[in-house]
Amino acid sequence: MLKEPHLILGLGELLWDVLPLGPRLGGAPANFAVMAGRLGNHAVLLSRIGRDDLGRLAVEQLDPLPVDAGFVETDPKHETGRVTVYFEDGQPRYTIHLPAAWDFLDLSDEWIRLAERADAICFGSLAQRSAESRQTIQTLAAQTASKCVRVFDVNLRAPFYSGEVIQESLELATVMKMNDAEVPLVMGLLGLPGGEAGRDGLKAERDIEGAERLGAERLLSEFPTLQMVAITRGARGSVLVTRDEWHEHPGLPVKVVDTVGAGDAFTAALTHYLLRGADLATLNEAGNRWGGWVASQVGAMPALHDEVRDGIEAAIEG
């Protein structure tokens, strides 16, 4: 008898990154949900689009992908989300336009029923920039069963974050994921020590990594519901910290083409294997394998061929 796939929800923003070469579909919850679907789960995207060309184009682009977009809401008044991406000295800069349809996530009965059945739910900080979406997101996370994996994916985009949103989200989450640059910012916003090495002179890499781990341990001690903190370090891999143990992954050699969506792929792989009871080493390997693959491709939702997926899965299990 085949086991029913896990129900995983990606909750929050669905938007278009408007790049010099044209628009590209994204948003962390959407990237997460697509990857969760590719790993064999029933992945559902919960977001909101406008009655406009970009909204219709989003539905068309999601349709062939292994993600259930049938619960995405349509807003009659507000436009589909857009982020204008421009470059200064080769570095990307972002203008996140507002208001957007995803600022008005509506707490529907359908969404509540999904949350009650969900095996995992992933939500971030950006979609909580508006009071309406913040209420919807936090209510849905609270509606999940006690065994549900509730992933809080920190995505700090100035000026759309606050210590209050981070604290409220951590009170609901069982897993927190952030990148190394976000660690000292999060600790500072929460008024907690840790997460940053000394400021004088050059910071030794190991000092920084040790400070990150101590910051994670402090978060676990402050938030009783939290069970794991995951910190990604770009090319330097990642660290996973629980109350009982921790595990560092050095990263994998990857020819980076585009890092957009790599962190979301890491989160999706982590969630997928966590639901299967994998140990920390396997979780870290899975996150780095899938995050590295997305970073080696163009876009956050690149085409994935069966032989590539099979090869990555074999490397993780091996």
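What follows draws every value from the coordinates through simple rules; no lab data is involved. Remember, predicted model here, so these are calculated numbers, not experimental data. Neighbour counts are summed over all protein chains in view; Cβ atoms, including those assigned to glycine, are modelled from backbone coordinates with ideal geometry.
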Fill in: Taking N as its residue count, the alpha carbon Rg of segment 111-169 over 2.2 N^0.38 Å
1.11
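Mind ordering 126-137, 182-193 by average Cβ neighbours within 10 Å, highest first? Please list the in-between numbers first.
Numbers: 126-137: 20.9, 182-193: 17.4.
Ranked by mean Cβ neighbours within 10 Å, highest first: 126-137, 182-193.
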Worksheet entry | Cβ charges +1 (Lys, Arg) and -1 (Asp, Glu), total dipole of the chain, debye | 100 debye
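Out of all DSSP beta bridges with both ends in the chain, state the antiparallel percent to the nearest 5. Please list the in-between numbers first.
Working: 19 of 49 bridges.
Roughly 40 percent of the DSSP beta bridges within the chain come out antiparallel.
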Discussion item. Could you tell me how far the Cα centroid of segment 13-55 sits from the Cα centroid of segment 225-295, in Å?
Written reply: 21 Å
Response to the item:
Counting sequence-distant residues (5 or more places) and residues on other chains, those with an amide H built under 5 Å from that of R82 are W16, H97
Discussion item. Treating segment 274-318 as a set of equal point scatterers at the Cα positions, no solvent, please give the Debye-formula log₁₀ I(q)/I(0) at q = 0.20, 0.21, 0.30 Å⁻¹.
Written reply: -0.68, -0.74, -1.12
Practice prompt. Apply the Karplus parameterisation 6.51 cos²θ - 1.76 cosθ + 1.60, with θ equal to phi minus 60°, to every residue of segment 54-71 and state each ³J(HN,Hα) to the nearest whole Hz, in sequence, with x for glycine and proline.
Written response: 5, x, 5, 5, 4, 4, 4, 6, 6, 3, x, 8, x, 9, 8, 9, x, 9
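Can you list, largest first and rounded to whole Å, the semi-axes you get for the chain by taking the square root of 5 times each eigenvalue of its Cα gyration tensor?
Working: eigenvalues 148, 99, 93 Å².
They are 27, 22, 22 Å, listed largest first.
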Worksheet item: Using θ = phi - 60° and the Karplus curve 6.51 cos²θ - 1.76 cosθ + 1.60, what whole-Hz ³J(HN,Hα) does each residue of segment 292-300 get, with Gly and Pro shown as x?
Response: x, 5, 4, 5, 8, 10, 8, x, 8
Response to the item:
Per the helix-only model, the chain has a calculated mean residue ellipticity at 222 nm (DSSP H runs of ≥4, -39500 (n - 2.57) each, divided over all residues, rounded to the nearest 500) of -11500 deg cm²/dmol
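Considering lysine pairs in the chain that are 8 or more places apart or on different chains, how many have Cα atoms under 26 Å apart? Working shown, then result.
Working: K3/K147; K147/K177; K177/K203; K177/K255.
Total qualifying Lys-Lys pairs in the chain comes to 4.
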Response to the item:
Per the rule of 0.36 nm per residue minus the C-alpha distance, extending Q167 to L192 adds in nm 7.9 nm
Practice prompt. Output ³J(HN,Hα) for segment 217-230: one whole-Hz value per residue in order, computed from phi by the Karplus curve 6.51 cos²θ - 1.76 cosθ + 1.60 with θ = phi - 60°, and x for Gly and Pro.
Written response: 5, 5, 4, 5, 6, 7, 10, x, 6, 5, 10, 8, 10, 10
Worksheet item: Put +1 on the Cβ of every Lys and Arg and -1 on every Asp and Glu Cβ in segment 7-317; which of A127, A142, G37 then has its Cα farthest towards the positive end of the dipole?
Response: A127
Practice prompt. Determine which residues of segment 5-37 fall in the zone a paramagnetic label at T84 would reach in this model, i.e. backbone nitrogen under 13 Å from the point 7 Å along Cα→Cβ.
Written response: 18-20
